[in-house]
Amino acid sequence: GRDKEKVMCTKKYLKAVGMLRDFKNSSQDPDFTQVVELDLHTVVPCCSGPKRPQDKVAVSDMKKDFETCLGAKQGFKGFQIAPDRHNSIVKFNFEGCDFELAHGSVVIAAITSCTNTSNPSVMLGAGLLAKKAVEAGLTVKPYIKTSLSPGSGVVTYYLRESGVMSYLSQLGFDVVGYGCMTCIGNSGPLPESVVEAITEGDLVAVGVLSGNRNFEGRVHPNTRANYLASPPLVIAYAIAGTVRIDFEKEPLGTNASGKKIFLKDIWPSRNEIQAVERQFVIPGMFKEVYEKIETVNESWNALDAPSDKLYTWNPKSTYIKNPPFFDGLTLALQTPKTIEDAYVLLSFGDSVTTDHISPAGNIARNSPAARYLTSRGLTPREFNSYGSRRGNDAVMARGTFANIRLVNKFIDKQGPQTVHFPSGETLDVFDAAERYKQAGHPLIVLAGKEYGAGSSRDWAAKGPFLLGIKAVLAESYERIHRSNLVGMGVIPLQYLPGEDAGTLGLTGRERYTIIIPEQLKPQMNVQIKLDTGKTFLAIMRFDTDVELTYFHNGGILNYMIRKMAS
């Protein structure tokens, strides 16, 4: 849908910089530093989960893998359910009909607006699968929360024009909106009777979504297992109603005539999908939708927007609040000081994600953020999500480390709590941090490998900063999160090679003094002294001189303000 002038300009630019390439002409192939070969025969249909996107599961292994996870030790691939409870069943009533839930039951099935919904082949594949399923007499159980949230109106256009939208709707996959939804945690509530059944049986209920993130506590608080799948597979698992199914050997369901219908009976062929795509996905659709993008939403266009150069803060707003990042900022640089006698707020193992640090989804009713919003006169229906309230630091600070699946070594169960060592009390993380802050005690966090993995999220650095965390000591960091910590003036410390909390005998109950020298260099070793008398070295992960400049300024925000002021 782009105009010819833009296409020609792009072509001229690519040619000028040597990037216009004829892929049919091998003489134009670049000199690659590394060539990776993939045998397409080894590629099989797969999902990933139940807690991390990198944990691939072949669809043929799904049933076996889930059942192994049920009994495995609590971890990335384990739920630690007692063997005698693996086949637990809970009966419940939904809209006057009786149903059963078990471990592995699908309660959320979402074709959601991540990379998959930009791919016409898989979206039309899902539509054709839905058509064949409906024609074969298959249905989706009514209590399963189904949704379709494309990233673009073009998707709705070609699904409707190709005639498959009505079949998707018949299976419950109606368009509920556009943009990030289930994948970011905006899945909305499950039916009350479903939640009660899950809670009663302590069931590992499942969400299946075509997103790209499925970290713990992200999709929905009541789905402990979440699998990423292609849009057609989302529909297949919704029809099956469980992930404890081997599609090659077991039927998806039985139609009204008693005939067993297998997935292979309704799976569209590649030729079928391509024929529909060629006919209905045309450039004119994209041009028509995007030409209207600035006029189509009358509600948005009717909003009264102020024209002032400076933003007018509304003290009554619970969504947008003037943040305290610049409180106490002086034009002159302050010399970085040694962090003295810091308490450990939290002690973690490996792969603590940004979703653990700063969840984007549901605000639990018993959380510090919920108490704050209640004090502002809001009801639980009005809480919305952490993601929607990221313009309010009071909510986001209270939401830091508020993930219900947080595993803190100081606590013997999952949850967003920690021990306040001066009193010995177990408190919500925010409440403990506030106590430390009021007493003037600095804080640090201990962690294992891959601290900050997952989605890049600025609040995963801003939140800890607001809690009073001065440094994180970890075995390794996700690249972008380490950079974000630097940007907020939080020191990323890394154990020396071969060392970790275990080898050093750290319990996290010690108090830590981190010696900050006057002359700092990138990746220098700094000394850490404990109140037990133990001393060890750690690498200060300021990797460049620019990052040291940010640190001297107390973070990139302060640096930019000082730069503007000068």
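The values are calculated or read from the model by the stated rules, or taken from the named source; none is laboratory data. What you see is a predicted model, and the numbers here were worked out from it, not measured in a lab. Virtual Cβ from ideal backbone geometry, glycine too; neighbours counted across all protein chains shown. Note: areas computed on protein heavy atoms with side chains; ligands, DNA, RNA excluded. Shrake-Rupley method; radii C 1.70, N 1.55, O 1.52, S 1.80 Å.
If only residues of the stretch 394-405 that are in contact (Cβ under 8 Å) with a residue 60 or more places away in the chain and among the hydrophobic types (A, V, I, L, M, F, W, C) are counted, the one that is most open to solvent (accessible area, probe 1.4 Å) is Ile404.
Would you confirm whether any residue within the stretch 455-465 is without any contact (Cβ under 8 Å) to a residue 40 or more places away in the chain and among the polar types (S, T, N, Q)? No, the stretch 455-465 contains no residue that is without any contact (Cβ under 8 Å) to a residue 40 or more places away in the chain and among the polar types (S, T, N, Q). With respect to the stated conditions, Asp341 is charged (D, E, K, R), closer than 17 Å to Ala471 by Cβ, surrounded by 10 or more Cβ atoms within 10 Å (Cβ to Cβ) and modelled with pLDDT of 90 or more.
Select from the stretch 105-126 the residues that are of a type in the set (Gly, Ala, Ser) and surrounded by fewer than 24 Cβ atoms within 10 Å (Cβ to Cβ) and write down the one among them that is nearest to Leu168 (Cα to Cα).
Ser121
All told, Ile245 falls short of being among the hydrophobic types (A, V, I, L, M, F, W, C), at pLDDT 90 or above, assigned to a helix (DSSP H, G or I) and surrounded by 20 or more Cβ atoms within 10 Å (Cβ to Cβ). Within the stretch 471-490, residues that are closer than 20 Å to Leu333 by Cβ reach partners that are open to solvent by 40 Å² or more (accessible area, probe 1.4 Å) and not in a helix (DSSP H, G or I) with beta carbons closer than 9 Å, at six or more positions or on different chains, in the pairs Leu485/Arg541; Val486/Arg541; Val486/Asp543; Gly487/Asp458; Met488/Asp458; Gly489/Lys470; Val490/Lys470.
None of Cys9, Cys46 is under 30 Å from Phe79 (Cβ atoms) and either surrounded by 10 or more Cβ atoms within 10 Å (Cβ to Cβ) or of a type in the set (Val, Ile, Thr) (or both) except Cys46.
Of the set (1) open to solvent by 30 Å² or more (accessible area, probe 1.4 Å); (2) at pLDDT below 95, all apply to Thr156 but (1).
Could you pull out the residue among Lys73, Lys64 that is basic (Lys, Arg) and at pLDDT below 95?
On inspection, the qualifying residue turns out to be Lys73.
For the stretch 317-335, what are the residues that are in contact (Cβ under 8 Å) with a residue 12 or more places away in the chain and more than 26 Å from Leu373 (Cβ to Cβ)? Across the stretch 317-335, the qualifying residues are Leu329, Leu331, Leu333, Gln334, Thr335. Within the stretch 357-393, being open to solvent by 10 Å² or more (accessible area, probe 1.4 Å), farther than 20 Å from Ser455 by Cα and assigned to a helix (DSSP H, G or I) holds for Pro368, Arg371, Tyr372, Thr374, Ser375, Pro380, Arg381, Glu382. One residue stands out in the stretch 248-274 among those that are over 21 Å from Gly127 (Cβ atoms) and among the small types (Gly, Ala, Ser): the one that is modelled with the lowest pLDDT, namely Ala256.
Residue-by-condition table, conditions (1) modelled with pLDDT of 95 or more; (2) over 30 Å from Tyr290 (Cβ atoms):
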| residue | (1), (2) |
| --- | --- |
| Glu100 | yes, yes |
| Ile108 | yes, yes |
| Lys132 | yes, yes |
| Leu138 | yes, yes |
| Thr146 | yes, no |
| Met165 | yes, no |
| Leu171 | yes, no |
| Pro189 | no, yes |
| Gly201 | yes, yes |
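Restricted to the stretch 509-527, and to residues there that are β-branched (Val, Ile, Thr), in contact (Cβ under 8 Å) with a residue 40 or more places away in the chain and closer than 17 Å to Phe551 by Cβ, the residue that is most open to solvent (accessible area, probe 1.4 Å) is Ile515. Take the stretch 422-472 and flag every residue that is among the hydrophobic types (A, V, I, L, M, F, W, C), farther than 19 Å from Asn403 by Cβ and outside any loop (DSSP other than H, G, I, E, B). Of everything in the stretch 422-472, those that are among the hydrophobic types (A, V, I, L, M, F, W, C), farther than 19 Å from Asn403 by Cβ and outside any loop (DSSP other than H, G, I, E, B) turn out to be Ile444, Ala471.
Every residue, every condition in (1) of a type in the set (Gly, Ala, Ser); (2) more than 20 Å from the chain's Cα centre (by Cα); (3) surrounded by fewer than 22 Cβ atoms within 10 Å (Cβ to Cβ), yes or no:
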{"position": "Ile411", "(1), (2), (3)": "no, yes, yes"}
{"position": "Gly415", "(1), (2), (3)": "yes, no, yes"}
{"position": "Leu427", "(1), (2), (3)": "no, yes, yes"}
{"position": "Ile469", "(1), (2), (3)": "no, yes, no"}
{"position": "Ala474", "(1), (2), (3)": "yes, yes, no"}
{"position": "Leu485", "(1), (2), (3)": "no, no, no"}
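Look at (1) exposed (fewer than 14 other Cβ atoms within 10 Å of the Cβ); (2) touching a residue at least 12 places away in the same chain (Cβ under 8 Å); (3) over 30 Å from the mean Cα position of the chain (by Cα) and you find that Val281 fails only one, number (1). Does Gly78 qualify as being in contact (Cβ under 8 Å) with a residue 40 or more places away in the chain and under 30 Å from Asn226 (Cα atoms)? Here the answer is no, as Gly78 does not meet what is asked. Residues in the stretch 177-215 that are open to solvent by less than 30 Å² (accessible area, probe 1.4 Å), part of a loop (DSSP other than H, G, I, E, B) and touching a residue at least 60 places away in the same chain (Cβ under 8 Å): Gly179, Gly185, Ser187, Leu190, Leu203, Val204, Ala205, Ser210, Gly211, Asn214, Phe215. Could you please let me know if Ile293 is more than 23 Å from Ser60 (Cα to Cα) and either at pLDDT 95 or above or hydrophobic (A, V, I, L, M, F, W, C) (or both)? When the stated conditions are applied, Ile293 passes them. The single residue among Lys64, Lys91 that is surrounded by fewer than 15 Cβ atoms within 10 Å (Cβ to Cβ), in contact with an Asp or Glu (Cβ under 7 Å, 6 or more places away or on another chain) and not aliphatic (A, V, I, L, M) turns out to be Lys91. Looking at the stretch 25-132, the strands (runs of 3 or more DSSP E) lying wholly inside it that each contain 1 or more residues that are of a type in the set (A, V, I, L, M) sit at 56-58, 89-94, 97-102, 106-111.
Do any helices (runs of 4 or more DSSP H) lying entirely in the stretch 253-316 carry at least 3 residues that are more than 30 Å from Thr374 (Cα to Cα), and which ones are they?
263-266, 270-280, 283-291
Would you mind stating whether Ile293 is touching a residue at least 12 places away in the same chain (Cβ under 8 Å) and surrounded by 10 or more Cβ atoms within 10 Å (Cβ to Cβ)? No.
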